[in-house]
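We did not get these values from a lab; they are worked out from the coordinates using the rules stated. Remember, predicted model here, so these are calculated numbers, not experimental data. We place every Cβ from the backbone using ideal geometry, glycine too, and count neighbours over all the protein chains shown.
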Amino acid sequence: MNRIFGRGKPKAPPPNLSDCIGNVDARAESIDKKIGRLDAELLKYKDQMKKMRDGPSKNMVKQKAMRVLKQKKMYEGQREQLAQQSFNMEQANYTIQTLKDTKTTVEAMKIGAKEMKRAYKDVKLDQIDDLQDQLEDMMEDANEVQEALSRSYGTPEIDEDDLEAELDALGDELLLDDDSSYLDEASAAPSIPEGIPSDSKTNKDGVLVDEFGLPQIPAT
C-alpha cells in the first residue's frame with residue numbers, strides 16, 4: 001500500500017518560542033550589518049561632497065546620499081519592529097516557563113503534604129507525653145540514688161563551741177609562728193671579728209699582748 005499511495009509526510013514539530021526568538025534575532029543582526037554598510041557609504045558620499053563645488057556633480061552625489069539615507073531609515077524601522085517582536089516573544093516565553101515552574105512547585109508541595117500526613121499517622125502525641133513522663137521519673141530516681149550514695153554516716157558529733165575555741169587557738173599559733181622578733185635579737189649580737197689574730201698587738205698602755213689580750217712575757 002505504501003508503494004501505491006506513498007508514505008505521508010512526517011508532521012513538522014510545532015513552533016517553539018525559543019526557536020522563533022533565535023530566528024528574529026538573526027534577522028535583526030543581518031539588518032544591523034546592512035545598516036553598517038550604508039553608514040560607511042554615507043560617510044564616503046559626505047567626504048566627496050565636502051571636496052566638491054556646487055554644481056550638477058555635487059547634486060548627483062547628494063541624490064545618491066539621500067537614497068542611501070532612505071534605505072538606512074527603512075532598515076532601522078525594520079530593526080525596531082524585529083526588536084519589539086523578539087521582546088514580546090521573550091516575555092511570553094518567560095511567562096510560560098514561570099507557569100511551568102509554578103506547576104512543578106505545586107505538584108512537589110502536594111507530594112510533600114501527602115508524605116507529611118503519612119508521617120504524622122505514625123506519631124502519637126499521647127505516646128510522646130508518656131515517654132516524657134517516664135524520662136522525667138527516671139531522672140528523679142537517678143537523682144535520689146546519687147543523693148543516697150553521697151550521704152555521710154559515722155561522723156562523730158562535735159560541739160560548735162569547741163570548734164570555735166580550737167579555731168581561735170589555731171589563729172594564735174599561726175601568729176606565734178609568724179613572729180620574727182628573734183631575727184631582731186640575732187641582728188643586735190656583736191659581730192664576729194674578721195681576719196687572723198696577730199702576735200704584734202698592743203693594749204692602750206703600749207704593752208704587747210697576745211691573741212687573747214694578755215700581756216706577753218718577754219723571752220729570757
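Over region 105-144, what lengths in whole Å, largest first, do the semi-axes of the equivalent ellipsoid take, defined as the square roots of 5 times the eigenvalues of the alpha-carbon gyration tensor?
They are 38, 9, 5 Å, listed from largest to smallest.
What spacing in nm lies between the two simple spin-label points modelled at K44 and M60, each 7 Å away from Cα in the Cβ direction?
Each label point lies 7 Å from its Cα, and together they span 1.6 nm.
Taking 0.36 nm per residue of sequence separation and subtracting the Cα-Cα distance, how much length would be gained by fully extending the chain between A142 and Q85, in nm to one decimal?
12.6 nm
Which of rounded, prolate, oblate describes region 12-134, given a ≥ b ≥ c as roots of the alpha-carbon gyration tensor eigenvalues and a/c under 1.5 marking rounded, otherwise prolate only if a/b is larger than b/c?
Cα axes put region 12-134 in the prolate bin.
Ranking request for peptides 45-51, 110-116: highest mean number of other beta-carbon atoms within 10 Å first, then the rest in descending order.
The densest-packed peptide leads the list: 45-51, 110-116.
If you average the C-alpha positions of region 94-125 and of region 40-73 separately, how far apart do those two centres end up, in angstrom?
69 Å
Shape of region 20-75 from its Cα gyration tensor (a ≥ b ≥ c, root eigenvalues): rounded if a/c is under 1.5, otherwise prolate when a/b > b/c, or oblate?
prolate
Just subtract the alpha-carbon distance of K70 and L17 from 0.36 nm times their residue separation and send over the number in nm, one decimal.
Fully extending the segment from K70 to L17 adds 15.8 nm.
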